Structure formats: structure tokens, C-alpha cells
1. Can you report the number of residues in segment 78-128 which are over 27 Å from the mean Cα position of the chain (by Cα) and acidic (Asp, Glu)?
2. Out of (1) open to solvent by less than 50 Å² (accessible area, probe 1.4 Å); (2) modelled with pLDDT under 90, the odd one out for Gly89 is which?
3. Which members of segment 160-169 meet the condition of being in contact with a helix residue (DSSP H, G or I) (Cβ under 6 Å, 6 or more places away or on another chain), open to solvent by 30 Å² or more (accessible area, probe 1.4 Å) and either without any contact (Cβ under 8 Å) to a residue 40 or more places away in the chain or of a type in the set (A, V, I, L, M, F, W, C) (or both)?
4. With open to solvent by 20 Å² or more (accessible area, probe 1.4 Å) and in contact (Cβ under 8 Å) with a residue 12 or more places away in the chain as the only criterion, which of Val71, Val112, Val141 stands out?
5. Kindly indicate whether Gly27 is among the small types (Gly, Ala, Ser), modelled with pLDDT under 95 and surrounded by 15 or more Cβ atoms within 10 Å (Cβ to Cβ).
6. With the structure loaded, tell me whether Leu36 is under 22 Å from Tyr171 (Cα atoms) and aliphatic (A, V, I, L, M) or whether it fails that test.
7. For Ala55, indicate whether it is of a type in the set (Gly, Ala, Ser), open to solvent by 40 Å² or more (accessible area, probe 1.4 Å) and out of contact with any strand residue (DSSP E or B) (no Cβ under 9 Å at 6 or more places or on another chain).
8. Out of the residues in segment 172-211 that are under 19 Å from Ile153 (Cβ atoms) and polar (S, T, N, Q), state the one that is most open to solvent (accessible area, probe 1.4 Å).
Amino acid sequence: MEWSVLQQYGPSLLKGFGITIICWALGTVFAMALGLVIALIQRYAPRWVTWIIQAYIEVIRGTPFLVQLFVLYYGGPLVGLRLDALPAGLLGLTIYGSPYFAEIFRSGFRAVPNGQIEAARAIGMAEADIVRRILLPLGLVSALPALVNFSIILTKETVILSIITVPELLYQVQRMSAETFRYVEANLVLALFFWGLVETISRVGLRLEARITKHLIERT
């Protein structure tokens, strides 16, 4: 093990890890927000709109993220969409993750007892209030483990962004390996960084789940 190599490339590896975290965090937030909108549209929109949404979900889930990223980054200019590598990567993560989050939210909404929604309508509660005060809180409790799990999956999908030259961690690791031929050290750093990130997300998710559940119990 050549630890001096890690010291030499430490700043660039840390920079790459920082970009990885930014890509994952923004991509997850945007994908989750879009997925929530899609799930609500599926629940309340007319049937012909839900067919269009379902077609979008099937197309995105049925094609690899790498192919989607290539089409977006290299095919985008053909239709006037010219993006730098980082914005293209964030948009790609958003598009890729949104159908999965939409299905997770949809299953969470279906887990909410119909009796509570019908009772809210019976007392004259507006549909927007039902969504805000009943559907979202209760559905989130059911969906949270799956949301955290797919957020973890998205951390690993960020490595594909190196293909379009986003300078995230894998891009920096590949550069280090090509310049020093120290593949063991480089890939060990990659594995440790992602292991630490995944563990952090998992623990935060468990704490968040416990806090939301406690809040709902106290409110009832």
C-alpha cells in the first residue's frame, strides 16, 4: 500500500467526494419532489393523464441510466438542449429517480386507511388539506424505508456521471489510477467513501423514521 499516493491525491479525492455528495443530494431532492408530484397526479388526474404518466414511468424504469444520460447529454443538442456536464448529470438523476420515487409514494398513499380520508371528507375538509394533513404524513411513514433505500441506490448511480466528465469521486479515482497505476489504493478509497456515505444515510433515515412516528403518535 502506497499511502503517500493517497496523501498526494487527497485534495482531488475530497473534491470529487464533495461533488458526489452534491450530485446525490440535489438529484435525490429533485427526483423525490418530481416523484411526489407524479404520484399525486396519478391519484387525482383524469385517466388519460395517468396513462401518459404511466408510459413515462415504464420508459424510464425500462431503460438503463447510462443510456438515458447519453441521450440527454449527447443527444440533447440535437433538439436545442445544451447542458454542461454537471447540470446534465443532475437532470439525469432527477429523471431517472422520479418514477421510482413516484411508485414508492403511490404505495405509501395506498397504505393510508380509506376510512380516515372518508371521515375527513365527511366533515367538510378540503382535498388539499386532506393531502397535507392526512395523506402525506401517514403515507410518508409507510414509504420512508423504501425512500431511504432508493436514496442509497442513487448514491451508487452517481458514479455513472463520470462517463460525461462530471468530476465526481469515480472520475478522480480513475485519474489517480491512470497516473499512478495504483489501482488497489484508488478503489479502496472509493469503497470506503461510499460505505461511509451509505451508513450515514441509513442512520439518518432510521432516526427520521423514529421521529416522524413519534410525532404522529403524539398528535393522535
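1. Residues flagged as over 27 Å from the mean Cα position of the chain (by Cα) and acidic (Asp, Glu) within segment 78-128 amount to 2.
2. The number of the failed condition is (2).
3. Of everything in segment 160-169, just one residue is in contact with a helix residue (DSSP H, G or I) (Cβ under 6 Å, 6 or more places away or on another chain), open to solvent by 30 Å² or more (accessible area, probe 1.4 Å) and either without any contact (Cβ under 8 Å) to a residue 40 or more places away in the chain or of a type in the set (A, V, I, L, M, F, W, C) (or both), namely Ile160.
4. The unique qualifying residue is Val141.
5. Here the answer is no, as Gly27 does not meet what is asked.
6. Spelling it out, it is not the case that Leu36 is under 22 Å from Tyr171 (Cα atoms) and aliphatic (A, V, I, L, M).
7. Yes: the conditions hold for Ala55.
8. Thr200
The values are calculated or read from the model by the stated rules, or taken from the named source; none is laboratory data. Values in this document were obtained by computation on a predicted structure and should not be read as measured data. Every residue, glycine as well, gets a Cβ built from its backbone with ideal geometry; the counts of neighbours run over all protein chains shown. Only protein heavy atoms, including side chains, enter the accessible area calculation; ligands, DNA and RNA are left aside. Shrake-Rupley method; radii C 1.70, N 1.55, O 1.52, S 1.80 Å.
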